[in-house]
Amino acid sequence: MYKLYRIIFLPLIILDRIAFHVFFKFYYRKIFGYYGNNIKWGRYYLWKCIPFNIRISNPKNIYIYDNCQIDEYCHLMCSNHGRLILKENVRLANGFIHIGAYDDIVIEKNVLIAAFTQIINGNHEYKFKDKPIMYQGSFGTGKIVIGEGSWIGRNACILGGVKLGKNCVVGANSVVTKSFESYSVIVGSPAKQIKNLKS
């Protein structure tokens, strides 16, 4: 299937490479905070140009380092006060991943993030009982750091103020509301440690 896909879309892939090397490589390096080498986008990570089904908000605060892979229907969003930093070899796999940086979010090297995951450190104000919440503003809830070599399972949610150490595993459907040390295996809502590979 993969080989057939490449054959059918070979002309599009060639056009994609030409467009990237002629224009978009320079454009991305201008609009992003940082844009590294060999970044791949979309289904099967075939594209060098960002597909229309991937949403990027406020790219000047987004830093993407070498060899990252970002699948289709992902949304990378920053406020004016937050930065999103994807270190080398980060993989946003199988799409539909939402990352919202109201404060800084740092995803360290070699992190694998499964589909439908949400990583967000923003919240809505709720101070006035007679005013709709959507008009009350928003605020950051603290920096998020996902440690090198970690794996975030499908449909997990990681909230503000969380720091995960190296080589952590977050189980599918988990809601992570606090920090965990390196080599932790955590599951549940709210997530709890069930194992530590270091011990």
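None of Asn80, Asn89 is at positive phi and surrounded by fewer than 19 Cβ atoms within 10 Å (Cβ to Cβ) except Asn89. Summed over region 176-199, residues that are of a type outside the set (Lys, Arg), in a loop (DSSP other than H, G, I, E, B) and closer than 10 Å to Val162 by Cβ total 2. All but one of (1) part of a loop (DSSP other than H, G, I, E, B); (2) closer than 16 Å to Trp41 by Cα; (3) open to solvent by 20 Å² or more (accessible area, probe 1.4 Å); (4) not polar (S, T, N, Q) hold for Gly95; state the number of the condition that does not hold. Of (1) part of a loop (DSSP other than H, G, I, E, B); (2) closer than 16 Å to Trp41 by Cα; (3) open to solvent by 20 Å² or more (accessible area, probe 1.4 Å); (4) not polar (S, T, N, Q), only one is false for Gly95: (3). Tell me yes or no: at least one residue of region 51-62 is open to solvent by 20 Å² or more (accessible area, probe 1.4 Å), of a type in the set (A, V, I, L, M) and either under 20 Å from Val169 (Cα atoms) or more than 10 Å from the chain's Cα centre (by Cα) (or both). Yes, the conditions are met somewhere in region 51-62. Only residues that are surrounded by 18 or more Cβ atoms within 10 Å (Cβ to Cβ) and either modelled with pLDDT under 95 or closer than 19 Å to Phe116 by Cα (or both) were counted in region 172-186, giving 3. Evaluated against (1) part of a strand (DSSP E or B); (2) in contact (Cβ under 8 Å) with a residue 60 or more places away in the chain, Glu148 falls short on exactly one condition, (1).
The values are calculated or read from the model by the stated rules, or taken from the named source; none is laboratory data. From a predicted model like this one, the values you see are computed outputs, not experimental measurements. Positions of Cβ are generated from backbone atoms using ideal geometry, with glycine treated the same way; all protein chains shown enter the neighbour counts. Ligands, DNA and RNA are excluded from the accessible area calculation, which covers all protein heavy atoms including side chains. Shrake-Rupley method; radii C 1.70, N 1.55, O 1.52, S 1.80 Å.
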